[in-house]
1. Suppose a student asked you for the relative contact order of the chain, using Cα pairs under 8 Å spaced at least 6 residues apart; what percent would you report?
2. For the range 4-121, give the magnitude of the charge dipole about the Cα centre (Cβ charges: +1 Lys/Arg, -1 Asp/Glu; no others), in debye to the nearest 20.
3. Please give every one of the lysines within straight-line cross-link reach of Lys43, meaning a C-alpha to C-alpha distance under 27 Å, and leave out same-chain neighbours fewer than 8 residues apart.
4. Let me know the shape class of the range 1-51, please: from the alpha-carbon gyration tensor, a ≥ b ≥ c as square roots of the eigenvalues, rounded when a/c is under 1.5, otherwise prolate if a/b is greater than b/c, or oblate.
5. Per residue of the range 99-110, in order, report the coupling 6.51 cos²θ - 1.76 cosθ + 1.60 (Karplus, θ = phi - 60°) as ³J(HN,Hα) in whole Hz, putting x for Gly and Pro.
6. Quick one: net charge around Gln113, please, counting Lys, Arg +1 and Asp, Glu -1 for every other residue with C-beta under 15 Å from its C-beta.
7. Please name which of Gly114, Ala74, Gly16 has its Cα lying farthest along the dipole of the chain towards the positive end, using unit charges on Cβ (Lys, Arg +1; Asp, Glu -1) and the Cα centre as origin.
8. For the range 37-78, take the convex hull of the Cα atoms, compute a quarter of its surface area, and give me that in nm², please.
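Read-outs: derived from the displayed coordinates by stated rules, not from any lab. All of these numbers come straight from a predicted model, not from anything done at the bench. As a convention, Cβ positions derive from the backbone with ideal geometry for all residues, glycine included, and neighbour counts pool all protein chains shown.
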Amino acid sequence: QVQLVESGGGLVQAGGSLRLSCAASGSIFSINTMGWFRQAPGKQRELVAAISSGGSTNYADSVKGRFTISRENAKNTTYLQMNSLKPEDTDVYYCGAGGRRFSAARAEWFWGQGTQVTVSS
């Protein structure tokens, strides 16, 4: 089993900052891409930011220049620094990671349980 545990969500005023963390643990053989996604009720889950094991990053246009994704490979941990938050950033944020479990033949995608981010105006 592989578990992704997120932390750092909460309530913040517009213009404020939050830092999300996500740690992967369990029977991990390797973790490749890690990413953050968000989902509002009734809407599809969308990519916010992703980072490869080599450090290449990708961002949604709506967060470019405000959010920064990073990771510590040795800890299988990724972070999302969110600055200049807007009310429209309010969502449940999910951590995701692609990788392989020990004794697994192929890579899989794993999800965290989600953490609520609420930005008040």
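1. Once normalised by length, the contact order is 36 percent.
2. That gives the range 4-121 a dipole magnitude of about 220 debye.
3. Answer for Lys43, where 27 Å is the Cα cut-off: Lys64, Lys86, listed by chain and number.
4. Prolate.
5. Taking θ as phi minus 60°, the curve returns x, 10, 7, 4, 6, 8, 7, 9, 6, 10, 10, 10 Hz for the range 99-110.
6. Net of charged neighbours comes to 0.
7. Of the listed residues, the answer is Ala74.
8. 3.5 nm²
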